[in-house]
Amino acid sequence: MPETLVVKGVHGLPYSKGLMAQSLSASGLAPDRAYDVARLLEARLGEREEPQITVAELRELAARVLREREGDEAAQRFLDWEELDRLERPLIVTLGGAPGVGKSTLATLLAGRVGITRVIATDAIRNVIRAFFSHEFMPVVHYSSFEAGATVDPDEVGDGDPDIVGYLRQVASVRTGVGAIVERAITERTPMILEGVHLVPGSTVAANSGCVLVEAVVAIEDEGVHRSHFSLRAGDRPATRYLDRFDQIRKLQRHLVERAGARGVPVIDATSIDAAVGAGLDLIRNAVAAERSRAE
């Protein structure tokens, strides 16, 4: 079967089932069904006499095939999702949450489904800050988030919780770096997913008019399920270090979930990673649709 070139402007690339399946999957179609539709679309292209097709024509043809196979709603979701590439403001997704809830896994899976290539962990930002500032000058960044309470003088806490006070001080230390990365993404108009324990709802990444912000907290309500996640960790993150501080980690989760509730930020239940991916995709699709309506 001869290849069909997909043309945008004066440039063209051969039609890719993989890329089309990714777009279809991001719009809500199950991956196996998305690939079936992409393969059927390849066959339809082979039936055409023209050796090339424009991006807009391919989009309309894909919508027609989807409408035949999956119905009007699936076709409309796909057309709405395709607006992501034409958004005037870049999409910024932030996934906060306590250690061990699956933030990085969810971020990676969402990035693959929606075609975002920039995924940044706030712990990487903390590591950069830690490299520049000594323990004596900025001790709080030299501890894990759930151990930052060790840097707090009990006399400074009063009736507060030292674990939360230390954690929030670390959040404040990382916030400037997070803000700089977001500003750069806005300037470059580059979609991005940020994930990390330092993304506190309503205080870390402001709802900037320069981006389409999707903010969520990832959590696992069941303590047993949450605890079991640490046994899967390997390398330089042994499970015992986290399990020994599990009470502090759960304390951080409670704080983040309460903060999310107070700020109207959705909480994604990560007990099932497949369900979590679906919930994340729904939030992104809704934000894209709202941005499309705003632009109109």
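The values are calculated or read from the model by the stated rules, or taken from the named source; none is laboratory data. Not measured: the values here are computed from a predicted model. Cβ atoms come from the backbone with ideal geometry, glycine included; neighbour counts cover every protein chain shown.
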Practice item. Within segment 126-154, track down each residue that is touching a residue at least 24 places away in the same chain (Cβ under 8 Å) and not hydroxyl-bearing (Ser, Thr, Tyr). Key: Arg126, Val128, Ile129, Met138, Val140, Val141, Phe146, Glu147, Gly149
Check your understanding: Hey, any hits in segment 254-264 for a residue that's modelled with pLDDT under 90 and in contact with a helix residue (DSSP H, G or I) (Cβ under 6 Å, 6 or more places away or on another chain)?
Key -> no
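Suppose we filter Arg189, Arg169, Arg184 for residues that are buried (at least 17 other Cβ atoms within 10 Å of the Cβ) and under 25 Å from the mean Cα position of the chain (by Cα); which single one remains? Walk me through it before giving the result.
Details: Arg189 fails: buried (at least 17 other Cβ atoms within 10 Å of the Cβ); Arg184 fails: buried (at least 17 other Cβ atoms within 10 Å of the Cβ).
After ruling out the rest, the residue left standing is Arg169.
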Review point. In segment 31-58, which residues are surrounded by 13 or more Cβ atoms within 10 Å (Cβ to Cβ) and of a type in the set (Gly, Ala, Ser)?
Key: Ala34, Ala38
Review point. Somewhere in segment 102-116, is a residue touching a Pro at 6+ places or on another chain (Cβ under 7 Å) and either under 30 Å from Glu42 (Cβ atoms) or surrounded by 17 or more Cβ atoms within 10 Å (Cβ to Cβ) (or both)?
Key: yes
